[in-house]
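Scroll down for the structure; my scribbles are underneath it.
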Amino acid sequence: MTITKPVNNVRPRPTLSAGIPSSAIVVAVLAGAFFVLPFIALLAGITWSDLPELLTSRSALDALWLSLRTASAATAICIVFGVPLALVLARSNFPGRTLMRSVVLVPLVIPPVVAGIVLTEAFGRRGLIGEQLSALGIDIAFTTAAVVLAQTFVSLPFMVTTLESHLASSGEHYERVALSLGSSKWRTFWTVTLPLLRPGLVSGVVLTFARALGEFGATITFAGSLQGTTRTMPLEIYLAREADPDAAVALSLVLILIAVLVIAVAYFRPKHPHR
């Protein structure tokens, strides 16, 4: 009687150098060092004994709390507007779609200061829309609303591009099946499209929040720098850099830790053991 050993279906993990030239590994190490070394230098430059006092100052707490509130509000707005916009760009074909996509991506490539100037020309007190709103007693520039608007303007492209690429890769098969079975477009959107979109939406939300949290140029141009009103964490770091470099380094550490955390959440994928 012959006993057959069970076949092991678990594939061996590839080694680091499998299929990768040695020269590419060396260059990759240098590239990684280019990114890692500045953060090591930042940690080395911190006076750790002074860190609690620097991080609990009134201005630092005001800036951190304002950044978290405005970035959360901007992210919520990006969800409301970004999901339909990405859906239209990915699943429809209309005249000017390429131009529309290009306009949506413009904030990704222009300097943030230019974005702030664009917003000022549109929503400033003498702007195209802002002047009309000002006549009604509604002022946006140099208010907390201006911070949210600036963060939304520079963050929305991240949401749209993430969702659009996810929609393009998922295809329309399941939606077409649902529609052929008599489901309405609205019900198909809620029961089929959104569940399929969930991984992309999670990544888009986290990346959008991270971008909004780190926004500087458009904010200071369009909203100014008023403590407790428009001075977000990046602005507080910029001002502290001139008056108190140690405080600027400490605040930078906080912002970096938050950014690393949200990016780690965006790219975290749980490993499922082989059964």
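Only a single item in (1) more than 26 Å from residue 67 (Cα to Cα); (2) of a type in the set (A, V, I, L, M, F, W, C); (3) at pLDDT 80 or above is not met by residue 218, and it is number (1). In the set (1) in contact with an Asp or Glu (Cβ under 8 Å, 6 or more places away or on another chain); (2) loosely packed, with under 11 Cβ neighbours inside 10 Å; (3) among the hydroxyl-bearing types (Ser, Thr, Tyr), the condition left unmet by residue 56 is number (1). Selection within segment 142-161: residues that are crowded, with 24+ Cβ neighbours inside 10 Å and small (Gly, Ala, Ser). The member of this set that is nearest to residue 109 (Cα to Cα) is 155.
For segment 165-210, a residue qualifies if it is over 23 Å from residue 78 (Cα atoms) and either of a type in the set (S, T, N, Q) or under 18 Å from the mean Cα position of the chain (by Cα) (or both), and the qualifying residues are 180, 183, 184.
Among the residues in segment 195-214, are any touching a helix residue (DSSP H, G or I) at 6+ places or on another chain (Cβ under 9 Å), part of a loop (DSSP other than H, G, I, E, B) and not hydroxyl-bearing (Ser, Thr, Tyr)? Yes, segment 195-214 contains at least one residue that is touching a helix residue (DSSP H, G or I) at 6+ places or on another chain (Cβ under 9 Å), part of a loop (DSSP other than H, G, I, E, B) and not hydroxyl-bearing (Ser, Thr, Tyr).
Tallying residues that are surrounded by fewer than 20 Cβ atoms within 10 Å (Cβ to Cβ) and either within 27 Å of residue 195 (Cα to Cα) or modelled with pLDDT under 90 (or both) within segment 65-76 yields 3.
Within segment 32-68, how many residues are part of a helix (DSSP H, G or I), polar (S, T, N, Q) and closer than 19 Å to residue 233 by Cβ? Walk me through how you get there before you give the answer.
In the first step, residues of segment 32-68 are kept if they are part of a helix (DSSP H, G or I); the result is 32-44, 48-55, 58-68.
With polar (S, T, N, Q) added as a condition, the list becomes 49, 59, 67.
Still in the list and also closer than 19 Å to residue 233 by Cβ: 59, 67.
Within segment 32-68, residues that are part of a helix (DSSP H, G or I), polar (S, T, N, Q) and closer than 19 Å to residue 233 by Cβ number 2.
Checked against the criterion of being among the aliphatic types (A, V, I, L, M) and in contact (Cβ under 8 Å) with a residue 24 or more places away in the chain, the candidates 87, 128 yield just one match: 87.
Residues that are under 28 Å from residue 190 (Cα atoms) and surrounded by fewer than 22 Cβ atoms within 10 Å (Cβ to Cβ) are absent from segment 109-126 altogether.
Do we have any residue at all in segment 114-124 that's out of contact with any Phe, Trp or Tyr (no Cβ under 9 Å at 6 or more places or on another chain) and under 24 Å from residue 210 (Cα atoms)? Spell out the reasoning first.
First pass over segment 114-124, keeping only residues out of contact with any Phe, Trp or Tyr (no Cβ under 9 Å at 6 or more places or on another chain): 114, 121-122.
Checking the rest, the ones that are also under 24 Å from residue 210 (Cα atoms) come to 114.
So far as segment 114-124 goes, yes, one or more of its residues are out of contact with any Phe, Trp or Tyr (no Cβ under 9 Å at 6 or more places or on another chain) and under 24 Å from residue 210 (Cα atoms).
Residues in segment 90-113 that are aliphatic (A, V, I, L, M) and either over 22 Å from residue 232 (Cβ atoms) or in contact (Cβ under 8 Å) with a residue 60 or more places away in the chain (or both): 90, 99, 100, 103, 104, 105, 106, 109, 113.
With the condition being in contact with a Lys or Arg (Cβ under 9 Å, 6 or more places away or on another chain) and at pLDDT 85 or above, I'd like the helices (runs of 4 or more DSSP H) fully within segment 87-193 carrying at least 3 qualifying residues. Steps first, please.
On the way: elements: 97-109, 112-123, 130-135, 144-170, 173-180, 185-188.
Per the criteria, 130-135, 144-170.
Among residues belonging to segment 223-241 that are part of a helix (DSSP H, G or I) and closer than 30 Å to residue 127 by Cβ, point out the one that is farthest from the chain's Cα centre (by Cα).
Step one: of segment 223-241, the residues part of a helix (DSSP H, G or I) are 233-241.
Within this subset, residues satisfying the condition of being closer than 30 Å to residue 127 by Cβ are 233-239.
On the way: 233: 16, 234: 15, 235: 18, 236: 20, 237: 20, 238: 21, 239: 24 Å.
Ranking the qualifying residues of segment 223-241, first place goes to 239.
Restricting attention to segment 5-12, does a residue exist that is surrounded by 10 or more Cβ atoms within 10 Å (Cβ to Cβ), at pLDDT below 85, of a type outside the set (Phe, Trp, Tyr) and part of a loop (DSSP other than H, G, I, E, B)? Can you show your working first?
Within segment 5-12, the first condition is being surrounded by 10 or more Cβ atoms within 10 Å (Cβ to Cβ), and the residues that meet it are none.
No: segment 5-12 contains no residue that is surrounded by 10 or more Cβ atoms within 10 Å (Cβ to Cβ), at pLDDT below 85, of a type outside the set (Phe, Trp, Tyr) and part of a loop (DSSP other than H, G, I, E, B).
The values are calculated or read from the model by the stated rules, or taken from the named source; none is laboratory data. On a predicted model such as this, the values are computed, not experimentally measured, just so you know. Positions of Cβ are backbone-derived with ideal geometry, glycine not excepted, and every protein chain shown enters the neighbour counts.
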